[in-house]
Amino acid sequence: MWRDTKGALADGTGVPVVILDTGVPNHVDLSPTGGKSFIPGYEEDQNGHGTHCGGIIAAIANNNMGVMGIAPDCADWYGAVLDKDGSGRIEHIVAGIRWAVDEVGAKVISMSLGIPDGHPIYEAFEEAVNYAYSQGVAVICAAGNEASGVGQPACYDSAIAVAAVDRYQDKAWFSNKGPELDFAAGGVDVYSTFLNNGYAKLSGTSMACPAIAGIAALIIADEKNDHGKWLTPDELVEKMRRIAYDVGEEGFDELYGHGIPVFRTGEGEPDEPGTGEPPPPPEQPTPKKNAFPCGLTWKVLKAFSDGADKAARDGADPDGAILAGLRSVGDFAGKASEARDDA
């Protein structure tokens, strides 16, 4: 696909992609088109999550540093709807969606955020996503990391829900599942831009979501350049479905949706849905020292992952691995509490 476009349009602009996350990145390997804050007194990303997601989509190509985004020539916009702790309010996210549609003219919105399954549907949130969809905007959302049902907004009918897989195309242990899923993408140890002009490996459906958003930007740009029209969200999903490599059960399933969208090495599209070529295991770059993010949420996730992975290697069954992960989180919390007491 890069032979045709890297997200740029024939008129020299890029497909407008809006990342609604923890703020506007300040990173040498990113060149944001623009941004806006919906949180008083906060705009530049101080968490790292939004910077990481932005790099997956739009990190600068061919600059002899860091990483390359999937659609580096897109027009990447950032809405600060989550604060430095990664928390946010529904009204801020709703305002961000409206801004993306009405002011930016987004064709893709990427939201690596959400509310876990089991909460009541937030009508204002769903209405905002429905509005974006009605205006021809593809709203791509992380399915969530609770190893449970798909959370909001990914579960909305008008959203494109994304699960995470590891480097072997197996479902990531934390990735949510359900009939609402549409696609899957890499979400384990994903290397991308981070705070202080650094880089980090992070895991989560948060990383899989911008990967699909980047693929969407390429497909949208290619269609606009070749045929002069913008794809509707449904047309985009159909095109991605036709290049998706089918993993898991044959056809659609609740772990991977329609599969992992992969561009063929040859010309054209597969003749039948689900016949895309399997993605090769990605190379694993060596992260810089201490690159793992320092936010409490990610430390807890890493503690769980380390404990569960060790138990699995030692022969524990899935339930045992989960219990070991929870014990690891408890140990981490205890040490953190002791550190606070000693401070």
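For (1) farther than 13 Å from ALA71 by Cα; (2) touching a residue at least 24 places away in the same chain (Cβ under 8 Å); (3) in contact with a Lys or Arg (Cβ under 7 Å, 6 or more places away or on another chain); (4) not basic (Lys, Arg), each residue gets a yes or a no:
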residue: MET1; (1), (2), (3), (4): no, yes, no, yes
residue: VAL15; (1), (2), (3), (4): no, yes, yes, yes
residue: VAL18; (1), (2), (3), (4): no, yes, no, yes
residue: GLY23; (1), (2), (3), (4): yes, yes, no, yes
residue: SER37; (1), (2), (3), (4): yes, yes, no, yes
residue: GLY48; (1), (2), (3), (4): yes, yes, no, yes
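Filtering the stretch 169-188 to residues that are in contact with a helix residue (DSSP H, G or I) (Cβ under 9 Å, 6 or more places away or on another chain) and not β-branched (Val, Ile, Thr) leaves ALA172, TRP173, PHE174, SER175, ASN176, ASP182, PHE183, ALA184, ALA185, GLY186, GLY187.
Regarding ASP182, is this residue assigned by TED's automatic domain parsing to the domain that holds PRO32 and part of a strand (DSSP E or B)?
The answer is yes for ASP182.
Scoring ALA106 on the criteria (1) in contact (Cβ under 8 Å) with a residue 40 or more places away in the chain; (2) more than 17 Å from ILE19 (Cβ to Cβ); (3) outside any helix (DSSP H, G or I); (4) over 16 Å from the mean Cα position of the chain (by Cα) leaves a single failure, condition (2).
Please enumerate the residues belonging to the stretch 1-30 that are closer than 16 Å to VAL104 by Cβ and out of contact with any Ser or Thr (no Cβ under 8 Å at 6 or more places or on another chain). Scanning the stretch 1-30 gives GLY7, LEU9, THR13, VAL15. Screening the stretch 1-88 for strands (runs of 3 or more DSSP E) wholly inside it with 2 or more residues that are under 23 Å from LYS201 (Cα atoms) and at pLDDT 95 or above returns the ranges 16-21, 75-80.
One line per residue, one yes/no per condition, for (1) more than 27 Å from ASP29 (Cα to Cα); (2) of a type in the set (D, E, K, R):
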| residue | (1), (2) |
| --- | --- |
| TYR168 | yes, no |
| ALA185 | no, no |
| GLY204 | no, no |
| ALA211 | no, no |
| GLY228 | yes, no |
| THR232 | yes, no |
| ARG242 | yes, yes |
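The values are calculated or read from the model by the stated rules, or taken from the named source; none is laboratory data. These numbers come from a predicted model, not from an experiment. A quick note on method: Cβ atoms are made from the backbone with ideal geometry, for glycine too, and the neighbour counts reach across all protein chains shown.
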